[in-house]
1. Determine which member of the set LYS111, LYS107, LYS86 is open to solvent by 10 Å² or more (accessible area, probe 1.4 Å), modelled with pLDDT of 95 or more and away from the ligand (no atom under 16 Å from the Cβ).
2. Considering only the range 151-168, I want to know if a residue exists there that is within 14 Å of the ligand (Cβ to nearest atom) and open to solvent by less than 10 Å² (accessible area, probe 1.4 Å).
3. Would you point out which residue out of SER33, SER6 is open to solvent by less than 40 Å² (accessible area, probe 1.4 Å) and closer than 23 Å to ALA281 by Cβ?
4. When the range 509-522 is examined, which residues are found to be over 14 Å from ALA432 (Cα atoms) and of a type in the set (A, V, I, L, M, F, W, C)?
5. Restricting to the range 222-273, name every residue that is closer than 21 Å to ILE199 by Cα and aliphatic (A, V, I, L, M).
6. Inspect the range 60-75 for any residue being within 16 Å of the ligand (Cβ to nearest atom) and part of a helix (DSSP H, G or I) and give the result as yes or no.
7. Of the residues in the range 470-494, how many are among the β-branched types (Val, Ile, Thr) and surrounded by fewer than 23 Cβ atoms within 10 Å (Cβ to Cβ)?
8. Between a first residue in the range 127-154 that is not assigned by TED's automatic domain parsing to the domain that holds ILE170 and a second residue that is modelled with pLDDT of 95 or more and open to solvent by 50 Å² or more (accessible area, probe 1.4 Å), which pairs have beta carbons less than 7 Å apart while being 6 or more apart in sequence or on different chains?
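The values are calculated or read from the model by the stated rules, or taken from the named source; none is laboratory data. Since this is a predicted model, take the numbers as computed values, not measurements. Note: ideal-geometry Cβ built from the backbone for every residue, glycine included; neighbour counts use all protein chains shown. Remember, those area values only see protein heavy atoms, side chains included, never the ligands or the DNA or RNA. Shrake-Rupley method; radii C 1.70, N 1.55, O 1.52, S 1.80 Å.
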Amino acid sequence: MPTKLSESLRQHFPFFSSTQSEQCVYLDNAATSQKLQRVIDVTQQYYQERSVNVHRSSHQLAACVTEQFEQSRKTIQRFIGAKSHKEIVWTKGATESINLVASGLAKSYIKPGDSILVSALEHHANIVPWQQIAQTHNLQLKVMPVDSLGVLKLQASLELIDENTALVAIGHVSNALGNINPIADIINKAKQLGALTLIDGTQAVSHLAVNVQQLNCDFYVFSGHKMFGPTGIGVLYGKYHLLEQLPAYQLGGEMIKKVSFTDTTFQPPPLKFEAGTPNIAGVLGLSVACEFIQQHRDTFLQLEDHLYQQLLATLAEIPQVKLWGDKINSICIQSFTVEGVSHYDLAVLLDKRNIAVRAGHHCAMPLMHELSIDGTIRVSLAAYNSSQDIITFGAALKECIGFLSDSNVNSAEQAIATLATNAQLNQPMPIAESIQKAKSWDQTYRQLMLAGKSLIRLDPQYKTEGSAVHGCESQVWLRCRLEHGKLVLEGDSPSKIVRGLLAVIFETLSGKTTNQILEFNLAEYLVDLNLGKHLSESRGNGLSAVVNKIVAYCQLHNSEQ
Ligand code: PMP
C-alpha cells in the first residue's frame, strides 16, 4: 500500500522521471525538496503567458495576475491558520523573514538590558540576526540547552524565560536533527511573561499541520523551496497589530502610499514590508505547493512515518552507527555519525553511488559544538521517497563503511602495490602517478586514502583557529612555513579522503620556493589528476580553500623576500 501511494505521489514530481536524475537516490530534502509539476507549470505559465507586474498597472492582465497574487495570500492564510491574509508577508525566504523581524524589533521594541532567547538547535539563520542585534543593542543572547543527544531540555529552557526576555526564537523542527520542539509549552511560558515568540517553521510546514492561532505565536516563518515550491520565496506570518508596529524593512515602490520630496507615508501591512517588485512567479508557485500539501496531508504523514521507521531499522543494523536527536518526536529526518569514520568521507562515497545526503554541520555549528562533534550525515526524507530508496541507501552505507574501515586500507595497499609493480618494480610510486593510474573512482579513493597515510600530520598543538581552513564540511588544518626559502607543509583532517588530498598537494608543493609555487597552476594540476571535483566552491569541498591558503601564504612571503 505505501509503495503504491509513493509511486502515485512521485508522478507529480518530474525529477523522478528525468533521465539525469532518475538514478539519484535523493535523501537531502531538508536542504531543498523536489518541485511539483504544478508549481513548475504555474510559474512557467506566468513567465510565458502573463508576465505583468502586480499592484501597479490597471490593464486586464495586470488586474488578473494581481488578483491571483492576492488570492495566494489567502491560500497561505488557510495553510497556517492565520486570522487574516493581511498577516502574510512575502519575503525571499525564512532567512529574510527572520532578518525583517530582527531589524524591525531592534529599531522599535527592544531595549538595553533585554534578553533574547534562542535554542541550541537553531539554524544559523535563527541565530546570527539575533546575535547581531544583541551585540549592537547591548542585549543578552541566552541559549536554551539540549541534552547529550541534542534534544531540547524543556524544563531548563522554560526556566530561562523571565521578565527581561524580549523574544524567544526557536525552530518548530530542527533542520539538523529532525526533532519536533515543544513549542506550545515555550510559547505559553513566553506569553505568561510578556515575551514575543518567533517560530522558525522552515522544516515543519511540509510535514506537520500548523495553526498559528492555536499556537498563539507572534511570528512564524518559512521558505517555499523546502515544501515543493520555488526558491526565492518565503513567508513571514505576524500578528497584525505587531506588523503594524514593526517599522518598514526596505523602502521604495509598492510599500508607499504617498511620496513627496519632504515626506512619505507607508502602506499598512503586509505591503509595508514588500518594497519593490515581488517574486510574482514564486508567490503563485508557493500557493500551489501549499494547496497540494494540504490536500495530501494524511497521505504524506502515513508515507513519511513508514519510511522513517524503515530508515531507523536500517540504521539500527549497523553497530558503528550512532543516532542523534529525538527518534519519537521527530519528522522524517535522521542525523547519525559512524564510529571511526569521517562524515565527509562517507558523503563523498555515497555520492559516488548516486546517493545524495548532506554531511557536516547543517548550518548549525553551535549545535555541533554542544554535541562535541564536527558534523553528522543527515538523511532527510520526503513522502515521495520510496522503500527501495532506503534499501539502496542501507546497502550503500554498509559498503562505504566497509570501504573506509582500516582493514580495507590494506586492500588499498595491495591495489597500489599492483599498480606499482606494473609501473616500476619495487619503486614506491609517486602519489600523483598512482592516482593517475587508478582505473575507477573507487581505485582513486583507495589511492587517496593510502596517500593520506603518508601525510606528515600536524602536531596537535598546531591545530588551532589560525591553522584551521574553513570552507570544507570536514575539519582541515594547514600549516605553511619556509625553511631555507623552501615551503614546508603540514596538515591534518579527520577525513581520510581530505588527508589524501592534502598529501597530493604536499607532494608537489613541498620543497618549492614561493616563486615556484606562484608560477605553478595547482588547480590545473589537480584537474589533470581528476581531482577537480574537490576544487569546486561548494561548501562540501574544501580543497580550493586549502589551495587559496597556500597561495595567500606564498604571496605574502614572496613580497616580503
Ligand atoms: N531555518 C531552518 C530550520 C532551515 O532549515 C533553513 C534552511 N536550511 C533556514 C532557516 C533558512 O532557509 P532559507 O535558506 O530558505 O532562507
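1. Working: LYS111 fails: modelled with pLDDT of 95 or more; LYS107 fails: modelled with pLDDT of 95 or more.
Exactly one residue qualifies, and that residue is LYS86.
2. Within the range 151-168, not a single residue is within 14 Å of the ligand (Cβ to nearest atom) and open to solvent by less than 10 Å² (accessible area, probe 1.4 Å).
3. SER33
4. Matches in the range 509-522: ILE517, LEU518, PHE520.
5. At the first step, the residues of the range 222-273 found to be closer than 21 Å to ILE199 by Cα are 222-229, 231-249, 269-270, 273.
Across the range 222-273, the qualifying residues are MET227, ILE233, VAL235, LEU236, LEU242, LEU243, LEU246, ALA248.
6. No; the residues of the range 60-75 include none that is within 16 Å of the ligand (Cβ to nearest atom) and part of a helix (DSSP H, G or I).
7. First, pick out the residues of the range 470-494 that are among the β-branched types (Val, Ile, Thr): 476, 488.
Subsequent filtering for residues that are surrounded by fewer than 23 Cβ atoms within 10 Å (Cβ to Cβ) retains 488.
Count: 1.
8. none
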